[in-house]
1. Anything in the stretch A:82-135 that is hydroxyl-bearing (Ser, Thr, Tyr) and within 25 Å of A:Asp55 (Cα to Cα)? List them, or say none.
2. Looking only at the stretch B:1-48, count every residue that is charged (D, E, K, R) and closer than 28 Å to C:Pro198 by Cα and tell me the total.
3. Quick one: count up the residues across the stretch C:64-101 that are β-branched (Val, Ile, Thr) and closer than 27 Å to C:Ser190 by Cα.
4. Do we find that A:Val125 is facing another protein chain (nearest Cβ under 10 Å), touching a residue at least 12 places away in the same chain (Cβ under 8 Å) and closer than 22 Å to A:Ile36 by Cβ in this structure?
5. What tally of residues in the stretch B:30-64 results from selecting those that are farther than 21 Å from A:Asp55 by Cβ and in contact with an Asp or Glu (Cβ under 8 Å, 6 or more places away or on another chain)?
6. Please enumerate the residues belonging to the stretch C:139-156 that are open to solvent by 30 Å² or more (accessible area, probe 1.4 Å) and hydrophobic (A, V, I, L, M, F, W, C).
7. Of the numbered conditions (1) free of Cβ contacts under 8 Å to residues at least 40 places away in the same chain; (2) in contact with a Ser or Thr (Cβ under 9 Å, 6 or more places away or on another chain), A:Thr40 satisfies every one except a single condition; which is it?
Amino acid sequence: MNLLALLDLASVFVFALTGALVASRQQLDIVGFIFIACLTAMGGGTARDVLLQRDEVFWIANPIYVAVAGTAAVLVFFTAHKLESRMRTIIWLDALAVAIAVPVGVGVARSLGAEWPVLLMMGMVTACLGGLARDVVCNEVPLILKARDLYATAALAGAAANILVYEVVASRPFAALAAGLVTFGLRAGSISLGWRAPGYRHEPPRS
Amino acid sequence: MNLLALLDLASVFVFALTGALVASRQQLDIVGFIFIACLTAMGGGTARDVLLQRDEVFWIANPIYVAVAGTAAVLVFFTAHKLESRMRTIIWLDALAVAIAVPVGVGVARSLGAEWPVLLMMGMVTACLGGLARDVVCNEVPLILKARDLYATAALAGAAANILVYEVVASRPFAALAAGLVTFGLRAGSISLGWRAPGYRHEPPRS
Amino acid sequence: MNLLALLDLASVFVFALTGALVASRQQLDIVGFIFIACLTAMGGGTARDVLLQRDEVFWIANPIYVAVAGTAAVLVFFTAHKLESRMRTIIWLDALAVAIAVPVGVGVARSLGAEWPVLLMMGMVTACLGGLARDVVCNEVPLILKARDLYATAALAGAAANILVYEVVASRPFAALAAGLVTFGLRAGSISLGWRAPGYRHEPPRS
């Protein structure tokens, strides 16, 4: 199992935790936890693999991912009530999962010979679509739409960092590390320090 | 036309009825009925075929499915007002459609040589994603999220029953029958007798 | 670059404008604008290409589409506040984008040798799914569900017009023109003159 597969496994696990936590807010049963956990954990990578027409979707080629997501869901099912603030936990775990998923998306696309605009898009697709599906299905305000937070921006910057570092040092691990650090750093700064990109903030006529 | 294709046709028809009934709650015109009916009826099977990278998506290989879903939509367009309770009809027809779709999903995956974790997932994907798309698009609370109802659980149990029976008797029709009965039985017990899986029910801090 | 690719480019640009305008109603930052613009602009065509199992998804084969959608998003980011009514602009631009996308969907399916039911479906898929994704993700009432407006109906009629004209004169440009005019004409009549298809309008028991 290579670096990309390991990182994919990690992002599946952490995304599954966030999915199960959102499921706990909906009072689902244990299979419902697993369902939402799988949707969240596999959603982004599945879109990436379908779009890139990989030989096989990653979790069909290797069902270990399903087992990992299911384990995360069961874990949350029995422990979520101990958390002090589920929403806060969801936001931070989601930031971690996004930071891991960005280099996976870029790396998979690179290994298939894609060019840089596609690398950027696949970093964002892999990192953002799982959480987006989770929030849309569970009728939460998508984290990616939380006004003025860095989210898509953090993912895009991480993907760009990955591409730049790889251009310079041609090392996959360093490129992945750079992507993870940039993404998580920006997202963390946004969550805890209120960092913002200049947002669109003219008086909204809402008409 | 083999058993799987026939069952797929049946689930497309019944899912299309539920989609059109939801469309009637939104006061759409007849093409709107057909659109939502097709989304509901073809959604799950399409996801399954794309994920499994089948040679062709089932309704593109054979447009009869589109015709069947459209017919169901037209039927509902002219008769929905005669129903006493549309929501109740939607719930029961959806239960029937899910029960038919589970063995189709498992069967298609099996015919492509997939292993059992993938069989389980494809049973759930085929059975659950069409109704989920219907509810998300039409802004209804997804049936799969109705707190404490058996839904994903019923589909998963049905898929497991299919796999077990097939292991024992190696008969596709019996395996399909077992899957349908288990899924519908659990769902029906949940709807009419209030059967529940142990749900997550600790005081939700909702924060 | 042939006629279909050019039309696809035009529909991507116009759909991206609508996506960015919806993003402006959500007060996102500039990358959020680009994200929603790409989702809207590429959503329908991506679904079409995945369903038809084209050799490559159009915007992966040629990243110019991503650049065009991004440019449209940036343009809107700096100018949206000058609009008198964003909602009205969104509705009209969306009508234009749908009218352009219908012949693209039909044309791509035809170039792959699909039969007429699939041509009809692909016209609708290409034209309707991007805007639907935009509205579902941004928690707007999907334009396609606005009760009693012609939307899916306009797309379906446009696709049918394309097929008929192509049968008669075997000219791709004329068929595309007919599709665009019929779709936009019906949609425009619906928006400004209140044209309706007979809708389902029995007293809704909402139960």
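1. A:Ser111, A:Thr126
2. Number of matching residues: 2.
3. Of the residues in the stretch C:64-101, 6 are β-branched (Val, Ile, Thr) and closer than 27 Å to C:Ser190 by Cα.
4. Yes, satisfied.
5. Qualifying residue count for the region: 4.
6. C:Val141, C:Ala147, C:Leu156
7. So A:Thr40 meets the others, but not (1).
Let's see how each residue does on (1) over 27 Å from C:Met124 (Cα atoms); (2) of a type in the set (Ser, Thr, Tyr); (3) surrounded by fewer than 24 Cβ atoms within 10 Å (Cβ to Cβ):
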residue: B:Leu6; (1), (2), (3): no, no, yes
residue: B:Gln26; (1), (2), (3): no, no, yes
residue: B:Gly45; (1), (2), (3): no, no, no
residue: B:Ile64; (1), (2), (3): no, no, yes
residue: B:Gly70; (1), (2), (3): no, no, yes
residue: B:Arg86; (1), (2), (3): yes, no, yes
residue: B:Val98; (1), (2), (3): no, no, no
residue: B:Leu112; (1), (2), (3): yes, no, yes
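The values are calculated or read from the model by the stated rules, or taken from the named source; none is laboratory data. Treat the numbers as computed from the prediction; the structure is a model and nothing was measured. Cβ atoms come from the backbone with ideal geometry, glycine included; neighbour counts cover every protein chain shown. Side chains included, ligands, DNA and RNA excluded: accessible areas come from the protein's heavy atoms. Shrake-Rupley method; radii C 1.70, N 1.55, O 1.52, S 1.80 Å.
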